[in-house]
1. Enumerate the pairs (first residue in the range B:18-30 and over 15 Å from B:G104 (Cβ atoms); second residue anywhere and among the basic types (K, R) and in a loop (DSSP other than H, G, I, E, B)) with beta-carbon separation below 6 Å, excluding pairs fewer than 6 apart on the same chain, so at least 6 apart or on different chains.
2. Which strands (runs of 3 or more DSSP E) sit wholly inside the range A:1-68 and have at least 3 residues that are touching a residue at least 60 places away in the same chain (Cβ under 8 Å)?
3. Specify the residue that is nearest to A:G58 (Cα to Cα); the eligible residues are those in the range B:84-100 that are over 13 Å from the mean Cα position of the chain (by Cα) and facing chain A (nearest Cβ under 7 Å).
4. Out of the range A:17-50, which residues are among the small types (G, A, S), open to solvent by less than 40 Å² (accessible area, probe 1.4 Å) and farther than 12 Å from A:S94 by Cα?
5. So, of the residues in the range B:30-61 that are small (G, A, S) and out of contact with any Asp or Glu (no Cβ under 9 Å at 6 or more places or on another chain), which turns out to be nearest to B:C90 (Cα to Cα)?
6. Filter the strands (runs of 3 or more DSSP E) completely within the range B:36-83 down to those with at least 3 residues that are within 14 Å of chain A (Cβ to nearest Cβ) and either within 13 Å of the chain's Cα centre (by Cα) or in contact (Cβ under 8 Å) with a residue 60 or more places away in the chain (or both).
7. Restricting attention to the range A:69-90, which residues are under 19 Å from A:Q25 (Cα atoms) and either among the small types (G, A, S) or assigned to a loop (DSSP other than H, G, I, E, B) (or both)?
8. Any residue in the range B:77-92 that is under 30 Å from A:H10 (Cα atoms), open to solvent by 60 Å² or more (accessible area, probe 1.4 Å), in contact with a Lys or Arg (Cβ under 6 Å, 6 or more places away or on another chain) and not small (G, A, S)?
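The values are calculated or read from the model by the stated rules, or taken from the named source; none is laboratory data. Note that this is a predicted model, so its numbers are computed, not measured. With ideal geometry, Cβ positions are generated from the backbone for all residues, glycine too; neighbour counts draw on all protein chains shown. Keep in mind that these areas ignore ligands, DNA and RNA; they rest on the heavy atoms of the full protein, side chains included. Shrake-Rupley method; radii C 1.70, N 1.55, O 1.52, S 1.80 Å.
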Amino acid sequence: DAGITQSPRHKVTETGTPVTLRCHQTENHRYMYWYRQDPGHGLRLIHYSYGVKDTDKGEVSDGYSVSRSKTEDFLLTLESATSSQTSVYFCAISPGGAGEKLFFGSGTQLSVL
Amino acid sequence: GENVEQHPSTLSVQEGDSAVIKCTYSDSASNYFPWYKQELGKGPQLIIDIRSNVGEKKDQRIAVTLNKTAKHFSLHITETQPEDSAVYFCAASKTGNQFYFGTGTSLTVIP
């Protein structure tokens with residue numbers, strides 16, 4: 001999957017607990033993204049990064065934070081997980097820059113009980 | 001922001017027949033339109049894309065057409081095979097901006 005590794009692949013957690021999802025890329029691309037996928041909504045952008053320590057919000061960023069301390073790693077944190085955050089989360093990279101071809105990881109299935 | 005609508009949400013075809021999935025977009029400044037195929041348990045994979053300066057693009061059995069005036073683009077799959085069964089997503093973006101995705105079409109190819 002385009003040199004992208006997401007971890008964990010599956011996680012079950014309880015409401016109110018913090019959760020961190022990790023995305024690792026092997027090719028040092030600047031642009032990295034976090035999406036969530038829900039039935040009837042397609043893929044929606046949560047946050048994105050255009051370099052180390054450079055991040056910005058997407059259309060569904062409430063309840064999520066991100067960090068990028070190294071080019072290869074982009075972390076997504078749910079500070080206090082809620083049932084509405086049960087979803088499949090995908091990391092993506094765009095080697096050509098913002099608005100160019102997106103390549104996705106294999107996803108993380110998160111269940112918040 | 002951009003709004004991308006995709007139809008139909010489900011599509012069943014007989015093996016060997018053609019399948020067509022349509023998307024419309026709202027922002028006339030959008031200039032890049034990719035299509036993704038997603039198999040069960042996997043991430044979306046880019047299968048074909050088209051830019052606004054091109055009306056049609058083909059790659060073997062798949063093709064994409066773009067009508068900028070009407071603001072719609074379509075994915076065409078000919079001679080469908082069982083391995084084409086998957087969920088397909090369209091998307092739209094403009095240079096330097098984020099992608100907006102359609103809600104997906106679940107395609108089933110019946111052997």
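1. Final answer for the pair search is B:Y25/B:K71; B:A29/B:K94; B:S30/B:K94.
2. Values: elements: A:4-7, A:10-13, A:19-25, A:32-38, A:42-51, A:54-57.
Those strands (runs of 3 or more DSSP E) span A:4-7, A:10-13, A:19-25, A:32-38.
3. Here the residue is B:Q98.
4. So the first thing to find is which residues in the range A:17-50 are among the small types (G, A, S), and the list is A:40, A:42, A:49.
Filter once more, so that each one left must be open to solvent by less than 40 Å² (accessible area, probe 1.4 Å): A:42, A:49.
If the condition is that a residue be among the small types (G, A, S), open to solvent by less than 40 Å² (accessible area, probe 1.4 Å) and farther than 12 Å from A:S94 by Cα, then A:G42 is the only one that fits.
5. Applying the first criterion (small (G, A, S)) to the range B:30-61 yields B:30, B:41, B:43, B:52, B:55.
Imposing the further condition that a residue be out of contact with any Asp or Glu (no Cβ under 9 Å at 6 or more places or on another chain) reduces the set to B:41, B:52, B:55.
Numbers: B:G41: 19, B:S52: 15, B:G55: 16 Å.
Restricting to residues being small (G, A, S) and out of contact with any Asp or Glu (no Cβ under 9 Å at 6 or more places or on another chain), the top hit is B:S52.
6. Values: elements: B:45-51, B:56-59, B:62-67, B:72-77.
The strands (runs of 3 or more DSSP E) meeting that bar are B:45-51.
7. A:S69, A:T71, A:E72
8. From the range B:77-92, those under 30 Å from A:H10 (Cα atoms) are B:82-92; that's our starting set.
In the following step, the residues that additionally are open to solvent by 60 Å² or more (accessible area, probe 1.4 Å) were identified as B:83.
If we keep only those that are in contact with a Lys or Arg (Cβ under 6 Å, 6 or more places away or on another chain) too, we end up with none.
Within the range B:77-92 (the criterion being under 30 Å from A:H10 (Cα atoms), open to solvent by 60 Å² or more (accessible area, probe 1.4 Å), in contact with a Lys or Arg (Cβ under 6 Å, 6 or more places away or on another chain) and not small (G, A, S)), the answer is no, since none of the residues qualifies.
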